[in-house]
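Here's the structure we're looking at; comments come further down.
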Amino acid sequence: MATVVGINGSIPTEVGSKILVSSQGQILAGTVGGGALEAVVIHRLVRAIAEGKSSELEHHLTDDEASTLGMTCGGSIRLFLEPFGVAAELVLIGAGHVNQAVAKLAKDLDYRVTVVDDRPQWATGDYFPHAHKIEVVKTLKQPFDNIPRPEQVYLVVATRCHATDELVMRAAAGKDWKYLGMIGSRLKVERLLEKLGEDGITFEGLHAPIGLDLGGKSPAAVALSIVAELQMVRNARTGRPLGAPVDVHVPR
């Protein structure tokens, strides 16, 4: 939703006017003036929905934009852009017990969950009743063929073994993920990253071992630590205890 919060000069709308737009740019209700001005607002709203962040937009009408509104001169307008009800895209590579628990927790936090595995007996609706989409691929060498916009995806790699984790991480390299995390012990992670590094493969912002240090080894406990870290990144928070003094650094 975009709300007009300020006007200067000649603008064919008023403060308080609103427009509601879908993630595909379809106008669902309202208007902020029509013409080229509204097209600019819709474009920015679609981007705000994709990013999941509120923002302000200040736009100065050009002579051409003013003419589309039947005006000889224009002005400027300020709008507040507010995405709401936006589900974050969460892709789980691996259909094992941990990702089953992650999917269950993530659904209640408005994640749109996709599960990818090469084992049809595991990647099923029975194991993932909370998933929006389940994909059975031929090989985990290319698990991302149906993910067109990785920059909007929270990716969790938790496959059945080190070898398949390595395949997935090689495929994930070079893509700008919103979040990339891989399960495993610290030793396993160090060895895998060292091996990939020898082939010139590195990662920016990788969360590995994945999750926050909450304790517990059961699939539910591990899933909780993973989803907690997802929420920390999604909301741009620190993960520190709320009761900790603000000047105390709590290591992750």
Output the number of the condition that residue 110 fails; it satisfies all remaining conditions of (1) modelled with pLDDT under 90; (2) within 26 Å of the chain's Cα centre (by Cα); (3) surrounded by fewer than 15 Cβ atoms within 10 Å (Cβ to Cβ); (4) assigned by TED's automatic domain parsing to the domain that holds residue 30. (4)
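Restrict the check to the stretch 126-141 and report whether at least one residue is more than 16 Å from residue 95 (Cβ to Cβ) and either β-branched (Val, Ile, Thr) or free of Cβ contacts under 8 Å to residues at least 40 places away in the same chain (or both).
Checked against the condition, which is being more than 16 Å from residue 95 (Cβ to Cβ) and either β-branched (Val, Ile, Thr) or free of Cβ contacts under 8 Å to residues at least 40 places away in the same chain (or both), the stretch 126-141 yields at least one hit.
If you take the residues in the stretch 146-159 that are modelled with pLDDT of 95 or more and touching a Lys or Arg at 6+ places or on another chain (Cβ under 9 Å), which one is farthest from residue 232 (Cα to Cα)?
155
Taking into account only those residues within the stretch 196-210 that are of a type in the set (A, V, I, L, M, F, W, C) and in contact with a strand residue (DSSP E or B) (Cβ under 6 Å, 6 or more places away or on another chain), which is surrounded by the fewest Cβ atoms within 10 Å (Cβ to Cβ)?
Ranking the candidates gives 206 first.
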Residue 95 being assigned by TED's automatic domain parsing to the domain that holds residue 141, at pLDDT 85 or above, closer than 30 Å to residue 236 by Cα and assigned to a helix (DSSP H, G or I): no
Where residue 233 falls short, out of the listed (1) in contact (Cβ under 8 Å) with a residue 24 or more places away in the chain; (2) farther than 19 Å from residue 105 by Cα; (3) surrounded by 15 or more Cβ atoms within 10 Å (Cβ to Cβ): (2)
Out of 210, 201, which single residue is assigned to a loop (DSSP other than H, G, I, E, B), among the hydrophobic types (A, V, I, L, M, F, W, C) and farther than 26 Å from residue 110 by Cα? 201
Residue 50 modelled with pLDDT under 80 and either surrounded by 21 or more Cβ atoms within 10 Å (Cβ to Cβ) or touching a helix residue (DSSP H, G or I) at 6+ places or on another chain (Cβ under 9 Å) (or both): yes
Before we move on, is residue 104 modelled with pLDDT under 95 and basic (Lys, Arg)? no
Would you pick out the residues in the stretch 113-124 that are surrounded by 16 or more Cβ atoms within 10 Å (Cβ to Cβ), of a type in the set (S, T, N, Q) and part of a loop (DSSP other than H, G, I, E, B)? 124
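The values are calculated or read from the model by the stated rules, or taken from the named source; none is laboratory data. Owing to the predicted nature of the structure, the values given are computational and were not obtained by experimental measurement. Ideal geometry is used to build each Cβ from the backbone, glycine not excepted, and the neighbour counts take in all protein chains shown.
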